[in-house]
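Participant: For reference, the structure I am asking about is given below.
The values are calculated or read from the model by the stated rules, or taken from the named source; none is laboratory data. Predicted model, so just to flag it, every value in this text is computed and none were measured. Cβ atoms come from the backbone with ideal geometry, glycine included; neighbour counts cover every protein chain shown.
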Amino acid sequence: MTQPQRYALVCRDCGHVRAPGITRYACDTCGGELVVRYLAATTQHARGPGIWRFADRLPGNAGRQQVSLGEGDTPLVPVGDDLRAMLGGAAMSVKCEHMNPTGSFKDRIAAVAVTLSAQRSIGGLVGTSSGNGGAAAAAYAARAGLPFTVFALADTVEQKLLQIRSMGARVVLVRGVGHDAHATEAAAQAIAGEAARRRLFPFLTGGRFSPEAMEGAKTIAYELAEQASDATHVYAPVGGGGLLAAVGRGYRELLAAGDIAAMPRIIGVQPAGCPTMSPALAGDFSGLHAPSTTTVSGLQVAVLFDGRGAVEAIRLSEGHLTEVPDPEVWEAQRLLAHHEGILVEPAGATALAGALADAREGRLGADARAVVLATGAGYKDSAALRRLSPSTEVAAIDADEIGGVLDG
């Protein structure tokens, strides 16, 4: 069982308070969205590596073994002079979330989701994914010996499907999910409903559907407070809004506990072909009114799963939204690979694309100290890797020709 005295689930709309432990994440009184609220503002962290040193600020029973593959404690790598010059002189570092065990920040969420499933004797997990979340949940479910079924986008990148299936998860493709707001919302609601009915853990990476699991992602902010205490800007890509919301929530908790004096501006970066955040900032959370046109895998989410939390992250940190076209994302991916040796998928380079756009527009000053979140590994998207590679074929030679190649 969990320790309900440490935290509760509170309705955003009516304030109703409920103890954790039920897989239906909707208010019992009004059906509203639930958020996790801790009963103390301290952050007395435990010793040891990874996200579970923050167990006092994560759901679950800290007295029982957590499910882990070594997630968290990802490196923070400063960029070199070439890229810094493109940023107008601003200092910038890359938070290498692509170095988590399955290659994305979603491992932090999956670790919490599967830990809760195991501690509460829940029979398995069910969710939706464009790839990275599915891979994360598949790995952690396998670690815990639990079944996992994922309803994925019909055009999920093949490499990500292979990664999910190789770890034993069941995959079903759902037409329209990701690109169409109605289909995306309908699928999410159906999965959440079936999870509650069958007592399965809902692995939908957004606060509306899985607020306890999403607490895992806020540990990025906890680590950044240690690694980059002077950061003035944090750039996060936006798909369903869960990452943006979680990072903002983590910083606000640190501020409330007195662990930091001020929080950085949090900037959401979204592909221009999937513009759900701009309407949300104006109060419209209905999602896209036309099909998504972005090709950035992982950010093709036609309706926000964590819209209200994402809006809070931007507004309460005095941040903003930056939209970028797909070619600028591809160029940011190339810059990270060729100049920094950091190989991420396009979604993992989207935050940098936003920072570069802000520098050009004068929204990121030369005195800024910025962090960009590199969220997913480059090996996950073969098509994107081919775009990065030279168009010429790799030559085959004999051993006695090696010197001539080097001379040329």
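Participant: If a residue must be closer than 22 Å to R84 by Cα, surrounded by 15 or more Cβ atoms within 10 Å (Cβ to Cβ) and without any contact (Cβ under 8 Å) to a residue 60 or more places away in the chain, how many such residues does the stretch 361-387 contain?
Facilitator: Matching residues across the stretch 361-387 total 1.
Participant: Turning to a different aspect of this structure: Name, by its number, the condition in (1) farther than 16 Å from V177 by Cα; (2) of a type outside the set (G, A, S); (3) free of Cβ contacts under 8 Å to residues at least 40 places away in the same chain; (4) part of a loop (DSSP other than H, G, I, E, B) that does not hold for C274.
Facilitator: All conditions are met except number (1).
Participant: Just for strands (runs of 3 or more DSSP E) wholly inside the stretch 65-176: which have at least 3 residues that are within 30 Å of A355 (Cα to Cα) and out of contact with any helix residue (DSSP H, G or I) (no Cβ under 6 Å at 6 or more places or on another chain)? If you could, list the steps in order and put the result at the bottom.
Facilitator: On the way: elements: 76-78, 91-96, 125-129, 148-153, 170-174.
Correct list: 91-96.
Participant: Can I ask one more? For the stretch 339-346, does any single residue satisfy the condition of being over 27 Å from A280 (Cα atoms) and touching a His at 6+ places or on another chain (Cβ under 6 Å)?
Facilitator: yes
Participant: Can you find even one residue in the stretch 237-250 that is touching a helix residue (DSSP H, G or I) at 6+ places or on another chain (Cβ under 7 Å), in a loop (DSSP other than H, G, I, E, B) and at positive phi? Give the steps one after another, and end with the answer.
Facilitator: Of the residues in the stretch 237-250, the ones touching a helix residue (DSSP H, G or I) at 6+ places or on another chain (Cβ under 7 Å) are 237-238, 241-250.
Then keep just the ones that are in a loop (DSSP other than H, G, I, E, B); that gives 238, 241.
Then keep just the ones that are at positive phi; that gives 241.
Yes; the residues of the stretch 237-250 include at least one that is touching a helix residue (DSSP H, G or I) at 6+ places or on another chain (Cβ under 7 Å), in a loop (DSSP other than H, G, I, E, B) and at positive phi.
Participant: While we're on this one: Filter the stretch 202-236 down to residues that are outside any strand (DSSP E or B) and within 30 Å of A192 (Cα to Cα), then give me how many there are.
Facilitator: Selection size over the stretch 202-236: 19.
Participant: Kindly provide the set of residues from the stretch 156-183 that are surrounded by 15 or more Cβ atoms within 10 Å (Cβ to Cβ) and of a type in the set (D, E, K, R), ordered by number.
Facilitator: Scanning the stretch 156-183 gives K160, R165, D180.
Participant: Hey, another quick one. From the list I314, I260, which one is over 19 Å from the mean Cα position of the chain (by Cα) and either in a helix (DSSP H, G or I) or of a type in the set (A, V, I, L, M) (or both)?
Facilitator: I260
Participant: Could you please let me know if V36 is touching a Pro at 6+ places or on another chain (Cβ under 8 Å), at pLDDT 90 or above, under 23 Å from A256 (Cα atoms) and not in a loop (DSSP other than H, G, I, E, B)?
Facilitator: Here the answer is yes, as V36 does meet what is asked.
Participant: May I pose another question? Quick check on the stretch 84-111: of everything there that is over 30 Å from L161 (Cβ atoms) and aliphatic (A, V, I, L, M), which residue is surrounded by the most Cβ atoms within 10 Å (Cβ to Cβ)?
Facilitator: M92
Participant: Separate question: Evaluate the stretch 242-253: report whether one residue or more is among the aromatic types (F, W, Y), within 26 Å of H179 (Cα to Cα) and either surrounded by 23 or more Cβ atoms within 10 Å (Cβ to Cβ) or more than 14 Å from the chain's Cα centre (by Cα) (or both).
Facilitator: no
Per-residue answers, yes or no, for (1) touching a helix residue (DSSP H, G or I) at 6+ places or on another chain (Cβ under 9 Å); (2) farther than 18 Å from G206 by Cα; (3) surrounded by fewer than 22 Cβ atoms within 10 Å (Cβ to Cβ):
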| position | (1), (2), (3) |
| --- | --- |
| S297 | yes, no, no |
| R308 | yes, no, yes |
| L316 | yes, yes, yes |
| L321 | yes, yes, yes |
| P325 | yes, yes, yes |
| E328 | yes, yes, yes |
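Participant: Identify all residues within the stretch 306-345 that are farther than 18 Å from M86 by Cα, in contact with a Ser or Thr (Cβ under 6 Å, 6 or more places away or on another chain) and β-branched (V, I, T); write none if there are none.
Facilitator: Correct list: empty.
Participant: For G60, are the conditions met, namely being part of a loop (DSSP other than H, G, I, E, B) and either modelled with pLDDT of 95 or more or not small (G, A, S) (or both)?
Facilitator: Criteria not met by G60.
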